Amino acid sequence: MSASPTALAEAAAAISESKSIVLACHVNPDGDALGSLLSLALALKPLGKEVTCLSEDGVPDILRFLPGSDLIVRSTEAPAFDLALVVDSGELSRVGVQVGPMVSRARRAVNIDHHVVAGAFGDIRVLDSSAASTAEIVYDLLQALQAPLTPEIATCLFTGIITDTGSFRFQNVTPGTLRTAATLVEAGASPPHISENVFENKTYAGTRLLGHALSSLSQTADGRIVWAHITAADFRQLGAIDAETEGVVNYVRGVRGAEVGILFREMDNGRIRVSLRSRESVNVAEMAQEFGGGGHRMAAGCTLNIPLAEAELALVAVAKIAVSRLFPG
Ligand SMILES: [Mn+2]
């Protein structure tokens, strides 16, 4: 499946008919969320649109290199908008408790996303769960709008693609992903420049945090489930920031023989944020859904309001069931 041409045309028409447009992405934004949002903003401004770019958590340091990142604000006083474009958010609540009501002030909303969820929203839904990134769908939308592809826009979109594909390594990569990426490079996106910013830009504190997480590594007897944790105390002592937990879970899943990799992050409020990764076999989105979370087949997450040790027991138990179904005996 790819985003339906009808939905793309409807979204393009809605944009053309609108003057004031609010754009929003999910909390704790990643390269796909902000890359998608900013590429739209950069394309819409020259079309004479008044764009308001909302990110409840602002812009993480490593994504400040994105062209247009200075357009991002955390809130707006504007009383109304003609249109809202919500990117990379499976559910509207993902934009955050502050930004949510601001987005709702728009007369119409367009949902542009590649997550697999039940809670789809929006008057127009440009959804494609086969896309590796929202950026690929935004690229199609910009084509439908006949918006010129500048090097800045290409940089934002390419960043979205390499973030969500782990530099074209993940299962979600399709020939379409690579074709879009090739077009973006032709339009001026620089793979080494973007990769250096996104992947080789870890702070000293963030690298030590990775070390602490990996020293907590555990596995089941068969080695198929591997997990690690980050305690709130470690996080505080090292002076790490939230974005620096990003990617840690991929090291956990990267252990030979691991079918499921789990990272438990104890927050200051005591809640446990859980990141789940699998190889092809196990559907971790289903696991996350059991705890009120969601995501993709191979990358999902949920938040638990129980102590760290209990959260580890609960998730590992559910993972064992999922793994035993696939590998009986
Ligand atoms: Mn995404």
### Task
Taking the dipole about the Cα centre of the chain, with the C-beta of Lys and Arg at +1 and of Asp and Glu at -1, give me whichever of S104, T134, I124 is farthest to the positive side.
T134
### Query
Where does helix 175-186 land angle-wise versus the long Cα axis of the chain, in degrees 0 to 90, nearest 10?
60 degrees
### Summary
For R74 the rounded accessible area (nearest 10 Å², probe 1.4 Å, non-protein molecules ignored) is 140 Å²
### Task
Calculate what fraction, in whole %, of the accessible area of the chain sits on carbon and sulfur atoms when a 1.4 Å probe is rolled over the protein chains.
52 percent
### Message
With +1 on the Cβ of every Lys and Arg and -1 on the Cβ of every Asp and Glu, and nothing else charged, how large is the dipole of segment 177-303 about its Cα centre, in debye rounded to the nearest 20?
### Response
160 debye
#### Entry: Net charge, L238 excluded, C-beta distance under 11 Å - Lys, Arg +1, Asp, Glu -1
0
### Task
For helix 204-215, report the angle its Cα long axis makes with the longest principal axis of the Cα atoms of the chain; keep it between 0 and 90° and round to the nearest 10°.
40 degrees
### Task
If a/c stays under 1.5 just call it rounded; otherwise compare a/b with b/c (prolate if a/b is bigger, oblate if not). Do that for segment 5-199, with a ≥ b ≥ c from the square roots of the Cα gyration tensor eigenvalues.
rounded
### Query
Just by accessible area at a 1.4 angstrom probe, what is the order of R108, R277, R125, R325 from largest to smallest?
R325, R125, R108, R277
### Task
Give, as ranges by residue number, the residues of segment 160-178 whose backbone N falls under 17 Å from the point 7 Å along Cα→Cβ of D61.
none
### Message
Report the gain in length on full extension from T174 to D222: 0.36 nm times residue separation, minus Cα-Cα distance, nm rounded to one decimal.
### Response
14.1 nm
### Task
Quick one: accessible surface of L238, probe radius 1.4 Å, all protein chains present, in square angstrom to the nearest 10.
30 Å²
### the chain - Rg and Dmax from Cα coordinates, angstrom
19.6, 63
### Query
DSSP loop chymotrypsin sites (Phe, Trp or Tyr not before Pro) in segment 135-202 with at most 15 other Cβ atoms within 10 Å of their Cβ, which ones?
F168
### Query
Dipole of segment 5-199, Cα-centred, from +1 at each Lys and Arg C-beta and -1 at each Asp and Glu C-beta, to the nearest 20 debye?
240 debye
### Query
To the nearest 10 square angstrom, what accessible area does M267 show with a 1.4 Å probe?
40 Å²
### Relative contact order computed over segment 249-289 (Cα-Cα under 8 Å; 6+ residues apart), in percent
35 percent
### Task
Using 0.36 nm per residue of separation minus the Cα-Cα distance, give me the extension gain between A182 and S2 in nm, one decimal.
63.0 nm
### Query
About its Cα centre, how strong a charge dipole does the chain have in debye, to the nearest 20, once Lys and Arg get +1 and Asp and Glu get -1 at the Cβ?
400 debye
### Query
So for the chain, taking the charge dipole from beta-carbon charges (+1 Lys/Arg, -1 Asp/Glu), which of G294, T52, C156 sits furthest toward the positive end?
G294
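The values are calculated or read from the model by the stated rules, or taken from the named source; none is laboratory data. For clarity, every value in this text was computed on a predicted model and none was experimentally measured. With ideal geometry, Cβ positions are generated from the backbone for all residues, glycine too; neighbour counts draw on all protein chains shown. Surface areas here come from the heavy atoms of the whole protein model, side chains and all, with no ligands, DNA or RNA. Shrake-Rupley method; radii C 1.70, N 1.55, O 1.52, S 1.80 Å.
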